[in-house]
Amino acid sequence: MSRTTRLPSSLLRVAAVTGVAALTLTACGSGSGSDSSSSGSGEVKVGLITKTDTNPFFVKMKEGAEKAAKENGAQLSTAAGKFDGDNAGQVTAIENMVAAGVKGILITPSDSKAIVPAIQKARAKGVLVIALDTPTEPQSAVDALFATDNLKAGQLIGEYAKAAMKGKTAKIAALDLAPGVSVGVQRHDGFLKGFGATDKDVVCAQDTGGDQAKGQTAMENCLQKSPDINVVYTINEPAALGAYTALKAKGREKDVLIVSVDGGCTGTQAVKDGKIAATSQQYPLKMAAEGVKAVVTYAKDGKKASGYTDTGVTLITDKAQDGVTSKDTGYGLENCWG
């Protein structure tokens, strides 16, 4: 994206339109759009890049960033990949935001490793880069990480599932995210740790991309492979609801334990309705709000956020288990997102 070949003005216009369409890049605020780190009215420019702009988690994250930007006198520009895993789109978004003069970029990496070179270039130009929700690999590639402890989130539902099984032999299905995505790996590993199991104990593992339809297909495939599955770990609540649909079609929805991670309002309601046994609730608004504040602080006094900030996780269930700390869906629905 850094080629210096001069193009005719007509081609430049086409390239600009194409780039905006691919990246879903928008700006919020009253700034003048200058190339400095703050607008002509003195607003600090902040960029937010999410994996997609359709997942309710990232929609809520954007809302949190927009609110924090208004409260802190910042101008927010946002971008998102066309799909979860669109690293090229995120790289271009970083380059565009750096060119626009943002002081800091908040990003949920689609590819934790492939995004690193683009992040390094941005930081070399004095841009503060904070990862939200998903760490980069290595984590030190960014200035700071504001996120759920995803290993803990997985561990909580693993501990819950183990307790809920009450000594029965578990036949575990794992509906995962995608290969190489750190958040998916951490939640999966955390679940196994909490349950006291290993990958050898998983009778069926399928990637879902966190998508409900793919979650349903994955569960159908797993039931064909191992009809006696009785525990289902899911990467998120859309995948969990897909699994529930597949189980219900087989008349198995009442004798299979589904656990998940996210804590969105739809997922938390599904816990209340008995479709999901328990979920680990996370807080995307807090991640985004704290990120915006950190960029504003950096712009004003040069103080950089650093290290890892745990934005919290709570186990939500209406069927509490001995020895596993949890809160009910009343709390979950008061604090849910989406």
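The values are calculated or read from the model by the stated rules, or taken from the named source; none is laboratory data. Please read these numbers as outputs of a predicted model, since none were measured by experiment. Cβ placement follows ideal geometry from the backbone for every residue including glycine, while neighbour counts extend to all protein chains displayed. The protein model used for the area step is the full one, side chains on, heavy atoms only, and it has no ligands, DNA or RNA in it. Shrake-Rupley method; radii C 1.70, N 1.55, O 1.52, S 1.80 Å.
Using a 10 angstrom cutoff on alpha carbons, build the Gaussian network for the chain and name the most mobile of SER260, SER140, SER112. Top of the fluctuation ranking is SER140.
Backbone amide hydrogens, once placed in the peptide plane, bring ILE107 within less than 5 Å of ILE49, ILE130, ALA131, LEU132, excluding anything fewer than 5 places away on its chain.
Largest GNM mean-square fluctuation across GLY167, GLY101, GLY302, computed for the chain with C-alpha springs under 10 Å, falls on GLY167. Can you check what the net charge comes to around ILE258, using other residues whose Cβ is under 15 Å from the Cβ of ILE258 (Lys, Arg +1; Asp, Glu -1)? Neighbour charge sum, excluding ILE258 itself: +2. Split the accessible area of the chain by element, probe 1.4 Å, and carbon with sulfur accounts for 51%. With K and R counted +1 and D and E -1, the other residues having a Cβ less than 13 Å from that of GLN155 yield a net charge of +1. Give me the net charge for the shell around PHE57: Cβ to Cβ below 12 angstrom, other residues only, Lys and Arg +1, Asp and Glu -1. Combined, the nearby Lys, Arg, Asp and Glu give -3. Result for the chain in a Gaussian network model with C-alpha springs under 10 Å: among MET165, MET219, MET97, the largest mean-square fluctuation is at MET165. Rounded to the nearest 0.05, the FRET efficiency derived from the C-beta distance between ALA320 and THR169 at R0 = 22 Å is 0.45.
Report summary: the helix-based calculation at 222 nm, which adds -39500 (n - 2.57) for every DSSP H run with n ≥ 4 and divides by the residues of the chain, gives -13500 deg cm²/dmol. Residues in the chain average 45 Å² of solvent-accessible surface per residue, probe 1.4 Å, ligands and nucleic acids excluded. Counting lysine pairs in region 50-130 whose alpha carbons fall under 22 angstrom apart, excluding pairs fewer than 8 residues apart on the same chain, gives 19. Gap in Å between the Cα centre of region 140-173 and the Cα centre of region 204-265? Answer, in whole Å: 16.
Bridges between two residues of region 217-338, per DSSP, are antiparallel at a rate of about 25%.
Computed from label points 7 Å out along Cα-Cβ, the spacing between LYS300 and LYS200 is 5.6 nm.
Of all DSSP beta bridges confined to the chain, the antiparallel ones make up roughly 15%.
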